[in-house]
1. In nm, to one decimal, how far is the modelled label at residue 50 from the one at residue 26, with both set 7 Å along Cα→Cβ?
2. Per-residue counts of other Cβ atoms within 10 Å, averaged by peptide: what ranking do you get for 59-65, 27-33, highest first?
3. Gain in length, residue 57 to residue 14, computed as 0.36 nm per residue apart minus the alpha-carbon separation, to one decimal in nm?
Amino acid sequence: MTNRPWTPAVDGIRDFTGKTNPDGSVTLYATTTSVGGVSDYGADPNKLVTVTDQASATTAPAGAQFRTLQSAAACDVLRGVSFTPGS
């Protein structure tokens with residue numbers, strides 16, 4: 001309980017990037033953003049997430065969900081996503 005109007009919750013994604021896979025699918029990577037009754041709206045909770053979909057898709061596939069790759073520790077925040085050459 002935060003003694004605030006609502007508890008922190010994931011609200012969307014930002015700072016995303018992606019790659020095209022050999023099978024024609026695309027994988028997106030992003031950091032989450034949040035809303036809640038706290039003073040730092042962007043830091044709690046904050047995660048690095050990924051989702052893979054077909055590049056030709058025009059609607060979201062049934063059951064598609066983001067998968068968490070990393071969660072920010074207490075007093076930390078994840079900002080931005082980039083690829084390193086050769087990775």
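1. Result: 1.7 nm between the two label points.
2. Details: 59-65: 8.0, 27-33: 18.3.
So the peptides 59-65, 27-33, ranked by packing, come out 27-33, 59-65.
3. On the way: separation 43, 0.36 × 43 = 15.48 nm, distance 2.12 nm.
Taking residue 57 through residue 14 to full extension adds about 13.4 nm, to one decimal.
Rule-based calculations on the coordinates, nothing more; no lab input. All values reported here derive from a predicted model rather than from experimental measurement. Here Cβ is always computed from backbone atoms with ideal geometry, including for glycine, and neighbour counts include all displayed protein chains.
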